[in-house]
Structure formats: structure tokens, C-alpha cells
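The block underneath contains the structure these notes are about, expressed in C-alpha cells.
The values are calculated or read from the model by the stated rules, or taken from the named source; none is laboratory data. On a predicted model such as this, the values are computed, not experimentally measured, just so you know. Note: ideal-geometry Cβ built from the backbone for every residue, glycine included; neighbour counts use all protein chains shown.
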Amino acid sequence: MSTLGIIHTIIGVIAVIAGIIALVRDHRITSKNATGQVYLWTTVLTCLTGFGIFHQGGFNVAHVLGIITLVVLGIAWMAENKGWFGGKAKMVETLGYTLTLFFHFVPGITETSTRLPVGAPFITSRESPVLQGIIGTVFLIFIVIMVVQALALRKSGRSA
């Protein structure tokens, strides 16, 4: 692993921990508190450092995911802080930030499972049905989280 790769991984782990803490504690990620700020800035830094990692031979799907993450993060931030989407702003903000946390899991699960344990990784191919199943399961978990968030926002009347 390169020095940039190690830095990228450390920043990404901090982002994931902050995001999980925010979801557990506040049931959402927001830029209005310290945990949310840590999540947002470390997510941006994770994406930016990821753009410099080319161990797969050049620009690839991981870089595209970084771009998508930054776009979704920007839309969620604008909804939260600039009122984009009017009455739906809180819904866009909440679901957008949560979706970006899921995006962290895709390369995190892929890289961890195809590299560890060293010398005999759990999964040998990025195209493995097992890997796809794990990521699919995590995606379903995030769908459930986002549905619960949406229902809670509707119930509270914050996204009419």
C-alpha cells in the first residue's frame, strides 16, 4: 500500500466512524454538529485522496464513485444550508448524507475483502458473487435505514 493509500484509508475509516456515530446518536448526518462536520470533511478528503490512487491501472469505477459521492454530498449540503428543494430539503439532506455513507462501504468492503488476510484474501476477485452479495446486503441495510429516516421525517412534518 502506498503512503497516499494509507492516508486515504485512515481518513476514510474516520469518516465511516463519524457517520455511524451520527446515525446511531442523531439518526442522521448533519453539518450542524461536530460529528457531522468531521464526517463531511473526511468524506471530501477521502474522495480527493482517492483520486490519486491508481493501483488498478488508471481512472476506474472507484474514481467515478468518488465523483458521485462529492456530487451527492454537495446536493445534500446545499439542501441543508441553502434551502435547495424547498419543503423537501430536509429529506434530500438526510437521505443524501446517508447515501454517501453507503458509498464509503463499497470500496471499503471491496478493498478489505480482496486484500485480507494478506497472502490469502477472503475474496480473490472484485467480480465475485460473494462480494456482490455482501455489498448488496449492506445496500439493503442502508435502504432500510433510509426508509426509516424518510418515515420519521414525514411523521415529524419536516419534509412535507
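Among residues of region 111-160 being among the small types (Gly, Ala, Ser), over 21 Å from His8 (Cα atoms) and assigned to a helix (DSSP H, G or I), the one that is farthest from the chain's Cα centre (by Cα) is Ser156. Of all residues in region 57-84, those being in a helix (DSSP H, G or I), of a type outside the set (Gly, Ala, Ser) and over 21 Å from Thr110 (Cβ atoms) number 6. Just one of the listed residues (His63, His104) is farther than 20 Å from Gly19 by Cα and either within 14 Å of the chain's Cα centre (by Cα) or acidic (Asp, Glu) (or both), and it is His63. Among the residues making up region 149-160, those that are surrounded by 12 or more Cβ atoms within 10 Å (Cβ to Cβ) and either farther than 28 Å from Met91 by Cβ or not charged (D, E, K, R) (or both) are Gln149, Ala150, Ala152, Leu153, Ser159. Reported count of residues in region 19-59, each being surrounded by fewer than 13 Cβ atoms within 10 Å (Cβ to Cβ) and not hydrophobic (A, V, I, L, M, F, W, C), is 7. When Leu73 is tested against (1) closer than 20 Å to Gln149 by Cα; (2) out of contact with any helix residue (DSSP H, G or I) (no Cβ under 7 Å at 6 or more places or on another chain), exactly one condition is not met: (2).
Note on region 78-99: residues that are under 30 Å from Thr3 (Cα atoms) and in contact with a Gly (Cβ under 9 Å, 6 or more places away or on another chain) total 2.
The residue pairs whose first member lies in region 126-138 and is loosely packed, with under 15 Cβ neighbours inside 10 Å, whose second member is among the aliphatic types (A, V, I, L, M) and in a loop (DSSP other than H, G, I, E, B), and whose beta carbons are closer than 8 Å, counting only pairs six or more residues apart or on different chains, are Val130/Ile123. When only residues in region 85-110 that are of a type in the set (Phe, Trp, Tyr) and in a helix (DSSP H, G or I) count, which is surrounded by the fewest Cβ atoms within 10 Å (Cβ to Cβ)? Top of the filtered list is Phe105. Scanning for something at pLDDT 90 or above and in contact with a Pro (Cβ under 6 Å, 6 or more places away or on another chain), does region 97-112 turn up at least one residue? Looking through region 97-112, none of the residues is at pLDDT 90 or above and in contact with a Pro (Cβ under 6 Å, 6 or more places away or on another chain). In region 66-88, the residues that are more than 13 Å from Thr30 (Cα to Cα) reach residues that are not in a helix (DSSP H, G or I) with C-beta atoms within less than 7 angstrom, at least six apart or across chains, in these pairs: Gly66/Phe51; Gly87/Ser159; Gly87/Ala160; Lys88/Ser159.
Could you grab me the full set of residues in region 16-56 that are farther than 19 Å from Trp77 by Cβ, out of contact with any helix residue (DSSP H, G or I) (no Cβ under 7 Å at 6 or more places or on another chain) and not in a helix (DSSP H, G or I)? Those that are farther than 19 Å from Trp77 by Cβ, out of contact with any helix residue (DSSP H, G or I) (no Cβ under 7 Å at 6 or more places or on another chain) and not in a helix (DSSP H, G or I): Phe54, His55, Gln56.
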